[in-house]
Number of protein chains: 2
Amino acid sequence: MTSPATSTVPRRTQAERRESTQTRLLDATLACLIESGYAGATTAKIESRASASRGARLHYFPTKAALVSAAVAHLFEGIAARYDRAMSEVAPDANRFRAGLRLLADTFAEPAHAAVLELFVAARTDPELREQLRETSARLHQLVRMRANEYFPNLARREASGLLEAIQATLSGLALRSFVFGETKNQDQVLDLIEHMIETTFDAPGSTRRNVDG
Amino acid sequence: MTSPATSTVPRRTQAERRESTQTRLLDATLACLIESGYAGATTAKIESRASASRGARLHYFPTKAALVSAAVAHLFEGIAARYDRAMSEVAPDANRFRAGLRLLADTFAEPAHAAVLELFVAARTDPELREQLRETSARLHQLVRMRANEYFPNLARREASGLLEAIQATLSGLALRSFVFGETKNQDQVLDLIEHMIETTFDAPGSTRRNVDG
DNA sequence: CGGTAAACAGACCGGCTGGACGGTTTGTAG
DNA sequence: CTACAAACCGTCCAGCCGGTCTGTTTACCG
């Protein structure tokens, strides 16, 4: 752009280089987290995977905590975006509650959630990381709640208060087992069951509410 | 026993010393796991907490993996025993399903379960530990299922198939959040809700079953 | 252009972790 | 009471992890 390409190097601008290196480092951090766990995600591995030098990483993230913190934000940003997009793509004619539940289950099942799991468990014994996660996870939770209220307004009623938390807990628990042992055979069965239970509870004639669907 | 107590030392037998040291090491391993997480549970910390020397630990557990493996068995043994005892103490006159659920929730909330969590997550990226856990956790799961079938036979019916897994997943997910952030305020609310949902689903007049209670 | 600062590179070091290993104490059998 | 084995002790060492630091390249501004 600013000068003729005298060499094979594309001659990127500073902002481009900066952005590229940072993103590579953050993505590499998450990949290592998923692949090797929190303890196994050493700075050397991350730098190597990101094709960045020790100095480069240090230039942007002076400490490992800073790197991981930034990666957390990066991760939740991606999860929120994907979740948001998936929710808005739910077919309006189909059983929306069912579709929404499956979509949520899918986001909990994707590999990126393994990184969330690693970070949560690591945060249990790391105050600094915990505070970082508390804030970021609260934001994500609020997004989920907003979307849920928007798509399934009846879930916001007090009779169903705690239902969203219960669903998240269940999906989180299912994800834990599947991540460790790769057991997915019971997953659909369990999903069908809780779906059935929710519909029975909140659609029953004698119940306080008519329908969980929006 | 074999000789007069010439000194203040109780003069323990070999088997006693052996048992004592091993138990101290295993308990210390679990305590460190709960307190510092898997990565933070170093052999030095464990030895120090167990008041055992490096050599003593090495004598019984040649490697850290051996120590952790033994600790896993020790842990699940304890959990199973406590769980078993708690289940058998459920008052037969009270609402047994409700009591059983609360009891199960309690076992998931106790600190020992934090060690389970650490081990599960560590096992995700450690094949050796994973195999060790798979077997042990399958045994525990089977115990829970047996007790559940024994106390609440209606849960074993096919209409409720997967309910036990769903409950375990939910409690596990709730425990995760509470261990990291210490949030317990929503816990009772969620418990009430799923209890209500289960009763509504399986006690409803139009339902296939009458009562979840035994 | 030329100079400055940002982006990047890699050698170096302190600290820690876990294992090996020779030596010491304690229990028990003959 | 003595000899052997099990239980136990603590130092040493190789390897790794993460951070500091000095040097080099690249982009941008005047």
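The values are calculated or read from the model by the stated rules, or taken from the named source; none is laboratory data. Note that the coordinates shown come from a computational prediction; the quantities given were computed from them, not determined experimentally. Here the Cβ positions follow ideal geometry from the backbone for every residue, glycine too, while neighbour counts run over all protein chains shown. Accessible surface areas use protein heavy atoms only, side chains included; no ligands, DNA or RNA. Shrake-Rupley method; radii C 1.70, N 1.55, O 1.52, S 1.80 Å.
Can you give the angle from 0 to 90° between the axis of helix A:14-40 and the longest principal axis of chain A, with both taken from C-alpha atoms, to the nearest 10?
60
Just tell me how shielded A:180-186 is by partners: mean number of partner chain Cβ atoms within 10 Å of each residue's Cβ, no decimals.
Whole-number average of other-chain Cβ neighbours for A:180-186 is 4.
Which angle between 0 and 90 degrees, to the nearest 10, do you get for helix B:163-181 versus the longest principal axis of chain B when only C-alpha atoms count?
The angle comes out near 60 degrees.
Suppose every Lys and Arg Cβ carries +1 and every Asp and Glu Cβ carries -1, with no other charges. What dipole size does the range A:11-62 come out with about its Cα centre, to the nearest 20 debye?
My answer is approximately 240 debye.
From the cross-link list B:45/B:185; A:64/B:45; B:64/B:185, which pairs have alpha carbons spaced over 28 Å apart?
Those over the limit are B:45/B:185; B:64/B:185.
Work out the mean other chain Cβ neighbour count within 10 Å for the residues of A:188-198 and drop it here as an integer.
5
Measuring with a 1.4 Å probe in the full set of protein chains, what accessible area per residue, in whole Å², belongs to the protein assembly as shown?
Here the residues of the protein assembly as shown average 51 Å² of exposed surface.
DSSP loop trypsin sites (Lys or Arg not before Pro) in the range B:130-179 with at most 15 other Cβ atoms within 10 Å of their Cβ, which ones?
B:157
Compute the separation of the alpha-carbon centres of the range A:11-53 and the range A:151-174 and state it in Å as a whole number.
The two parts, judged by their Cα centres, are 36 Å apart.
Using the Cα centre of the range B:56-164 as the reference point, and only Cβ charges (+1 on K/R, -1 on D/E), how large is the resulting charge dipole? Debye, rounded to the nearest 20.
160
Which residue, A:81, A:172, A:202, has the largest displacement toward the positive end of the dipole of chain A when charges sit on each Cβ (Lys, Arg +1; Asp, Glu -1)?
A:81
Could you pull the copy-to-copy label distances for residue A:55, with points set 7 Å along Cα to Cβ, in nm to one decimal and sorted shortest first?
Nearest first, the other copies' label points are 4.9 nm away.
List the distances, in nm to one decimal, from the label point of residue B:13 to the label points of the same position in every other copy, shortest first, placing each label point 7 Å from Cα along the Cα-to-Cβ direction.
8.3
Answer with one residue from B:56, B:30, B:46: the one whose Cα lies farthest towards the positive end of the charge dipole of the range B:12-62, charges on Cβ with Lys, Arg +1 and Asp, Glu -1.
B:56
Which angle from 0 to 90°, rounded to the nearest 10, does the C-alpha axis of helix B:96-109 make with the longest principal axis of chain B?
The helix B:96-109 is inclined about 40 degrees to chain B.
How large is the Rg to Rh ratio of chain B when both quantities use alpha carbon positions and Rh follows Kirkwood?
1.08
About its Cα centre, what dipole magnitude does the protein assembly as shown give when the only charges are +1 on Lys and Arg Cβ and -1 on Asp and Glu Cβ, stated in debye to the nearest 20?
Dipole about the Cα centre, nearest 20: 1260 debye.
Which whole number gives the average, over all residues in B:111-122, of C-beta atoms from other chains lying within 10 Å of the residue C-beta?
Average per residue, whole number: 3.
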